[in-house]
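Taking it in order: structure first as structure tokens, then the write-up.
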Amino acid sequence: MRKRIVFVVGHEKWGKSLTLRGLKELCGSRGMNVTIKDTVFFVRSMSNDDLPASFNRFISRLFSTAPKPAVIAALCPKFKKLQNFDQSDGAIDETLQSLRQGGYDIFFWVIEQAWEGTRKVSQKEIAELRHYGHVEVFEGNRQEYKSRARRLRTFVSDVVLAA
């Protein structure tokens with residue numbers, strides 16, 4: 001089986017974790033895994049903007065003690081060259097490079113707009129994500145988490161698992 005990782009992308013307090021909780025509910029899961037089209041995905045709700053060191057340890061474990069061939073995780077699009085972050089601030093440049101070099105196909109499902117207000121994931125951030133993998137942008141604000149979860153599941157089923 002090919003290794004795949006799907007990132008639910010958005011900035012802080014954007015609804016990433018809530019969307020992943022909705023995906024678990026939709027798939028009837030109470031644990032850390034969801035099954036979509038007979039493929040079991042490990043789900044991690046904490047992103048690089050929540051606990052950067054924990055996120056980096058999780059990613060490094062994908063290559064060593066606890067390999068996982070199918071993963072869905074939350075991600076904040078913090079790129080060093082776009083925002084002058086260093087890796088300890090949760091920048092993801094090196095993380096995405098290591099995943100690609102480690103044989104993961106990378107997919108990004110971007111929640112384009114914050115729940116409240118007009119803040120959006122920038123076109124520069126989306127362009128940078130495209131350097132690392134397939135990107136689909138979920139447009140529209142104030143979409144409830146169950147609706148986002150259904151769209152995410154469709155993306156995984158129709159795009160990720162078809163690749």
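The values are calculated or read from the model by the stated rules, or taken from the named source; none is laboratory data. Bear in mind that the values here come from a model prediction, so they are computed numbers and not experimental data. Neighbour counts are summed over all protein chains in view; Cβ atoms, including those assigned to glycine, are modelled from backbone coordinates with ideal geometry.
Numbers for the structure displayed
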| read-out | value |
| --- | --- |
| Residue in the range 7-19 that is under 15 Å from PHE155 (Cα atoms), among the aliphatic types (A, V, I, L, M) and surrounded by fewer than 23 Cβ atoms within 10 Å (Cβ to Cβ) present | no |
| ASP38 out of contact with any strand residue (DSSP E or B) (no Cβ under 7 Å at 6 or more places or on another chain) and on the phi > 0 side of the Ramachandran plot | yes |
| Search result, residues across the range 65-94 that are within 14 Å of the chain's Cα centre (by Cα) and at pLDDT 90 or above | ALA70, VAL71, ILE72, ALA73, ALA74, LEU75, CYS76, PRO77 |
| Test result for ARG30, part of a helix (DSSP H, G or I), of a type outside the set (Phe, Trp, Tyr) and loosely packed, with under 15 Cβ neighbours inside 10 Å | no |
| Residues satisfying the stated conditions in the range 112-163, i.e. farther than 16 Å from LYS13 by Cβ, among the acidic types (Asp, Glu) and not in a strand (DSSP E or B) | GLU125, GLU128, GLU139, ASP158 |
| Residue selected from the range 33-51 under the condition under 30 Å from LYS80 (Cα atoms) and in contact with a Phe, Trp or Tyr (Cβ under 8 Å, 6 or more places away or on another chain), by the criterion modelled with the highest pLDDT | ARG44 |
| Restricting the range 33-73 to residues that are within 15 Å of ASP105 (Cα to Cα) and aliphatic (A, V, I, L, M), the residue that is surrounded by the most Cβ atoms within 10 Å (Cβ to Cβ) | ILE72 |
| Residue that is surrounded by the most Cβ atoms within 10 Å (Cβ to Cβ), among those in the range 112-150 that are aliphatic (A, V, I, L, M) and in contact with a helix residue (DSSP H, G or I) (Cβ under 7 Å, 6 or more places away or on another chain) | ALA149 |
| PHE7, sole failed condition from (1) part of a loop (DSSP other than H, G, I, E, B); (2) under 19 Å from HIS131 (Cα atoms); (3) at pLDDT 90 or above; (4) of a type outside the set (Ser, Thr, Tyr) | (1) |
